[in-house]
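Novice: I have a structure here, written as structure tokens, and I will follow up with some questions on it.
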Amino acid sequence: MEINASIILKKNKEVSVLRRHPWIFSGAVHSTRGNPVSGDWVNIYDSHNNFLAAGHYQDANICARILSFEPVTPNPDFWIKKLGNAMEFRKQMGLPNSHTNAFRLVFGEGDELPGLVVDLYDKTAVMQAHSLGMFADRQ
């Protein structure tokens, strides 16, 4: 899937993105290109048209939830890598272990997946999508 829509930020509103904050608030947006609708992927640019990030668009106060600070193609490989990173971190924390096989695999922004929560219960995963973008990409 190719990203065909963009958000352009107002001058000096890229500071929080450069600090890796995972949200873009609507007040920071100068304009959009490509007529994104809620749930669409968008690329995010500063006022000089420099790429900053990519994520899910939503017509709301939080108008973008950043999923990558690098150019990305949202395809199965992207999701496998993100979920693999979350699992590797849990393994480094000693999960699962002999005391528990139930734990939170994905904790939204903490795993660079804002809007997504995944709990593992032994061999069963329970997913919560807290944004239209995550719901649209759930498969």
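The values are calculated or read from the model by the stated rules, or taken from the named source; none is laboratory data. All of these numbers come straight from a predicted model, not from anything done at the bench. Counting neighbours? That spans all protein chains shown, and the Cβs are built from the backbone with ideal geometry, glycine included. What goes into the accessible areas is simple: the full protein's heavy atoms, side chains included, and nothing from ligands, DNA or RNA. Shrake-Rupley method; radii C 1.70, N 1.55, O 1.52, S 1.80 Å.
Novice: Rounded to the nearest 500, what is the 222 nm mean residue ellipticity of the chain from helices alone, with -39500 (n - 2.57) per DSSP H run of 4+ residues and division by all residues?
Specialist: Rounded to the nearest 500, the figure is -5000 deg cm²/dmol.
Novice: In nm, what is the difference between 0.36 nm times the number of residues separating K81 and M1 and their Cα-Cα distance?
Specialist: Answer, rounded to one decimal: 27.2 nm.
Novice: Taking the Cα centre of the range 67-127 as origin, work out the dipole magnitude from +1 charges on Lys and Arg Cβ and -1 charges on Asp and Glu Cβ, in debye rounded to 20.
Specialist: 200 debye
Novice: Loop-only check: which GluC sites (Glu not before Pro) in the range 1-99 are DSSP coil with at most 14 other Cβ within 10 angstrom?
Specialist: Sites meeting the loop and neighbour criteria: E2.
Novice: What accessible area per residue, rounded to a whole number of Å², is obtained for the chain using a probe radius of 1.4 Å?
Specialist: Per-residue accessible area for the chain comes out at 59 Å².
Novice: Mind checking the dipole of the chain: about its Cα centre, +1 per Lys or Arg Cβ, -1 per Asp or Glu Cβ, Debye to the nearest 20?
Specialist: 260 debye
Novice: Taking the alpha-carbon centroid of each part, what is the distance from the range 1-66 to the range 74-109 in angstrom?
Specialist: After rounding, the separation between the Cα centres reads 27 Å.
Novice: Output needed for the chain: three equivalent-ellipsoid semi-axes, defined as square roots of 5 times the C-alpha gyration tensor eigenvalues, in descending order, whole Å.
Specialist: After diagonalising the Cα gyration tensor, the semi-axes are 30, 15, 12 Å.
Novice: Something else about it: Determine the share of the chain's accessible area contributed by carbon and sulfur atoms, expressed in whole percent, with a 1.4 angstrom probe.
Specialist: Here carbon and sulfur together make up 51 percent of the probe-accessible area.
Novice: Still on this model: Using the alpha carbons of the range 1-67, what is the convex hull volume per residue in cubic angstrom, as a whole number?
Specialist: Value for the range 1-67: 72 Å³ per residue.
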